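Just so you know, all these numbers are worked out from the coordinates, no wet-lab data involved. Since the model is a prediction, treat every value here as computed from it, not as a measurement. Positions of Cβ are backbone-derived with ideal geometry, glycine not excepted, and every protein chain shown enters the neighbour counts.
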Amino acid sequence: MKVSSAAFLRSALHPRDFPKDGLPEIAFAGRSNVGKSSLLNTLLRRKGLAKTSKTPGKTRTINFFSVNERLYFVDLPGYGFAKVSKDLQATWGAMITSYLYDREPLRLVAHLIDARHPPTRNDHELLALLEDAETPTLLLATKIDKVRSSQRRAAIATIRKDFELDEDALILPMSSVTGEGIRELWQILDEQI
């Protein structure tokens, strides 16, 4: 897909704040600082559209971005080591769970995993939640540019083994820095909308 327009639409803390026009949605989920906002900026070719930070927990709401006025990219809050209160973390959990289970226009969740590390307990919990919600999911191994080329295959194999996935399950290596995997990801996203 050629991106002719991309714009931040709104932040939401409650379903009443979600768009009501029924356009398809592709959500991006993962732990804090896994690269969700950077990936969105790379996909949309708009530096700084989705706010990035070296501080975990920058995204604290569900953020909707309009793409070509025909679909939404949805940046979900990160989980894990974000430096926020337990109450806010609990709110995030309830908000995200509700979104993943109940959101009719949701077509796919891109579940981002840092390729440099094995999946965390929270990564496993999110994948289990997505399976339980019967939400189509695509695993993205982010920050692959930071993994030596000689170790990339092993990094992907670690994710596959840790999640107990079949050999043919797709795990797409991604880099917001080099653009690796962007074209392949767009091909998959185009099929979902």
query = In nm, to one decimal, how far is the modelled label at residue 122 from the one at residue 145, with both set 7 Å along Cα→Cβ?
reply = 2.4 nm
key: Sites residue 51 and residue 157, calculated FRET efficiency, Cβ-Cβ separation with R0 30 Å, nearest 0.05   = 0.35
Relative exposure of 182, 159, judged by other C-beta atoms within 10 Å (fewest first) = 182, 159
remark   = Net charge (Lys, Arg +1; Asp, Glu -1) of residues whose beta-carbon lies under 12 Å from that of residue 8, residue 8 excluded, is +2
Extended-chain gain in nm, criterion 0.36 nm per residue less alpha-carbon gap, residue 17 and residue 134 = 39.8 nm
ask   = All other residues with a Cβ under 13 Å from the Cβ of residue 70 taken together, and with Lys, Arg as +1 and Asp, Glu as -1, what is their net charge?
value = -2
message = Just want the ordering: 142, 120, from fewest to most Cβ atoms lying within 10 Å of their own Cβ.
response = 120, 142
ask   = Based on the alpha-carbon gyration tensor of the stretch 6-192 and its eigenvalue square roots a ≥ b ≥ c, which shape applies: rounded if a/c is under 1.5, prolate if not and a/b is larger than b/c, or oblate?
value = rounded
ask   = Where the only charges are on Cβ atoms (+1 Lys, Arg; -1 Asp, Glu), what is the dipole of the chain about its Cα centre, to the nearest 20 debye?
value = 1200 debye
ask   = How many nm is it between the label spots at residue 5 and residue 94, if each spot is 7 Å from the Cα in line with the beta carbon?
value = 3.6 nm
ask   = Going down the table (2/47; 20/161; 20/51), which pairs top 28 Å between alpha carbons?
value = 20/161
ask   = Say each of residue 166 and residue 70 gets a label point 7 Å from the Cα, pointing the same way as Cα to Cβ; how far apart are those two points in nm?
value = 3.2 nm
inquiry  = Under 10 Å, Cα contacts only: if you run a Gaussian network model on the chain, which one of 146, 20, 161 comes out with the highest mean-square fluctuation?
reply    = 20
message = Per DSSP helix of 4 or more residues, -39500 (n - 2.57); summed, then divided by the residues of the chain. What does that give at 222 nm, rounded to the nearest 500?
response = -9500 deg cm²/dmol
